[in-house]
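So the structure is just underneath, and the comments pick up after that.
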Amino acid sequence: MRHRLKNGAFLAPAILLSACSTGENKGEQKPLNIIHIMTDDHSYQTISAYGHPISRLAPTPNLDRLAYQGMLFRKAFVENSLSTPSRACLMTGLYSHQNGQRQLGAGIDTTKVFFSELLQKQGYQTGVVGKWHMQCEPKGFNFYYVLDDQGDYYNPEFKTPDSNGQYVREEGYATTLTTDHAIEFLDGRDPEKPFCLLVHHKAPHRNWMPDIKYLDLYEEVEFPYPDTFFDDYSTRCEAARTQEMRIDKDMNLVYDLKVDELRNRAEYKQSWLLQSWDASLERMTPEQREAWHAAYSHKNKAFIEQNLKGEELTKWKYQRYLRDYLRCIKTIDDEVGRLMDYLEKEGLMDNTVIVYTSDQGFYMGEHGWFDKRFMYEESFRTPLIISHPAMTNRGSVCDALVQNIDYAPTYLSLAGVEKPDFMVGTSLVPLLNGQIPSDWREYLYYHYYDYPAVHQVRRHDGVRDECYKLIHFYGEGAGNDTNINCNELYDLQADPTEIKNRYNDPQYAEVVTRLQSRLDQFRSDLKVDEF
């Protein structure tokens, strides 16, 4: 039942019986160990197990291998498409307004219980390596090796319980170093006790700086353009037009696309992005910097000589963006494979649940965008793979609606720990045998708060079911933005790319009424304090 790509990678079958269908029922076996691998801004479009046209040209054989060994979730979503809030949802099993982390930066309510604390009390050895990105100390962990803030791709700084609160520089590439420290935790564990390890990669976060060995990967590949690449946002609320995440206008040629030769142009010279770019270059070793310039200088020279304008310039930016982004994904895939190989070598695969996900989705040029934040599908939806031989059948697919508030309850359930009453997420364990419980959720609630802020995406909340999505944009405008109170409705079956807002279409009046009623119920039940 596996589909083989030309390069030997596996594709999860696209036609498996029905939602959450599998073959024979393997029954349930409670595994002792949990590994949660989470990347930053990894889109489902760039995992070849999902079968998207982009990933067919840049396959991910190790992630496909993980999917083939377990269950691929095709309707996994986040509660708030932003890095720090997503991490807070993971740790607490709560919505953003409940755990305090509505935006980037400060906010997390450290009085809330982290699931890692509960696992510790159960006798688990707990560890987190890589990106932590919350303004509190890692809580409930025996071992941590965490990056400073977002972390740097090259020669990053890590903090540990033994570094006296200091971040210590290490030479190497962040994705590889994070896996090194994951294996360090595993090597040092007590083999008689269960463990839970969070492996949180910095990649592929902006500005998409690949490992030295992959600086020329995909250079001859022409990636396909999304159908909505030149979207005009004509039916939507003002929020879709006033955002600042467009590839044509907002993607920086120096910082994002590495055309260092343009640094002295007036439009780039005073930018804070240029300062960040300089800092990235300066932290490289001379050998890394030499390899970097050798790879990009001739490409940049050819680009400058073309003097591209308009649509042709936008298309060039898109291709450079995807190539760098996918080069970062290549190292992610390599390192997931290295970790899986380690687990197999150590005989740990049979009693370890492995979860792969991202902190949210990401735009690969859909609607002309990069970044995330919106409730539109590409950023709302996140990749999710769960593998355990005793609980999932090979190559199984699940179409139940799941959300990142569900991870904490899932890990507690796997460990035999009762979920606290205050956690609002739901364990995913009942889905792993291929059956959807009759009382499984029919709706998801989403809420984005981080405005005014980078990318200027307006505040909004909304509700989604299997077929429709209702979004409400609200709040006072900042700068040139006006106040907003606007609604959008999408028919996800007839219009999966979310081009046609049907909110005022009389044919959808009953759908609007039903979803509005459910949205109001979420706001009331969850005690949402702004909308």
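The values are calculated or read from the model by the stated rules, or taken from the named source; none is laboratory data. This one's a predicted model, so the numbers in the text were calculated from it and none came from an experiment. Heads up, the Cβs are rebuilt from the backbone with ideal geometry, glycines too, and the neighbour counts pull from every protein chain shown. We work out accessible area using only protein heavy atoms, side chains counted, and drop any ligands, DNA or RNA first. Shrake-Rupley method; radii C 1.70, N 1.55, O 1.52, S 1.80 Å.
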Only one of (1) at pLDDT below 95; (2) under 22 Å from the mean Cα position of the chain (by Cα); (3) within 30 Å of Pro224 (Cα to Cα) is not met by Arg74, so which one is it? (1)
Selection from the stretch 425-440 of residues that are touching a residue at least 24 places away in the same chain (Cβ under 8 Å), surrounded by fewer than 21 Cβ atoms within 10 Å (Cβ to Cβ) and of a type outside the set (Phe, Trp, Tyr): Val429, Asn433, Gln435, Ile436
Quick check on my filter: what residues within the stretch 173-195 are open to solvent by less than 20 Å² (accessible area, probe 1.4 Å) and small (Gly, Ala, Ser)? Ala174, Ala182
Please give the number of the condition Met284 fails out of (1) under 18 Å from Asp152 (Cα atoms); (2) open to solvent by 10 Å² or more (accessible area, probe 1.4 Å); (3) in a loop (DSSP other than H, G, I, E, B). (2)
Name the single residue that is modelled with the lowest pLDDT among those in the stretch 260-274 being over 26 Å from the mean Cα position of the chain (by Cα) and assigned to a helix (DSSP H, G or I). Lys269
Scan the stretch 517-531 residue by residue and report those that are of a type outside the set (D, E, K, R), under 21 Å from Cys237 (Cα atoms) and open to solvent by less than 50 Å² (accessible area, probe 1.4 Å). Leu519
The residue from Pro31, Pro13 that alone is assigned to a loop (DSSP other than H, G, I, E, B), modelled with pLDDT under 95, touching a helix residue (DSSP H, G or I) at 6+ places or on another chain (Cβ under 8 Å) and surrounded by 16 or more Cβ atoms within 10 Å (Cβ to Cβ) is Pro31
Subset of the stretch 59-107, residues open to solvent by 20 Å² or more (accessible area, probe 1.4 Å), on the phi < 0 side of the Ramachandran plot and assigned to a loop (DSSP other than H, G, I, E, B), comes to Pro59, Arg74, Lys75, Arg102, Gln103, Leu104, Ala106
For the stretch 236-267, give me each residue that is over 30 Å from His293 (Cβ atoms) and surrounded by fewer than 17 Cβ atoms within 10 Å (Cβ to Cβ). Glu238, Arg241
Listed by range, helices (runs of 4 or more DSSP H) wholly within the stretch 154-259 having at least 3 residues that are out of contact with any helix residue (DSSP H, G or I) (no Cβ under 9 Å at 6 or more places or on another chain) are 174-188, 239-242
Go through the stretch 495-510 and give me each residue that's under 24 Å from Asp227 (Cβ atoms), open to solvent by less than 80 Å² (accessible area, probe 1.4 Å) and over 24 Å from the mean Cα position of the chain (by Cα). Asn501, Arg502, Tyr503, Asp505, Tyr508
Complete set of residues in the stretch 327-351 that are surrounded by fewer than 23 Cβ atoms within 10 Å (Cβ to Cβ) and of a type in the set (S, T, N, Q): Asn351
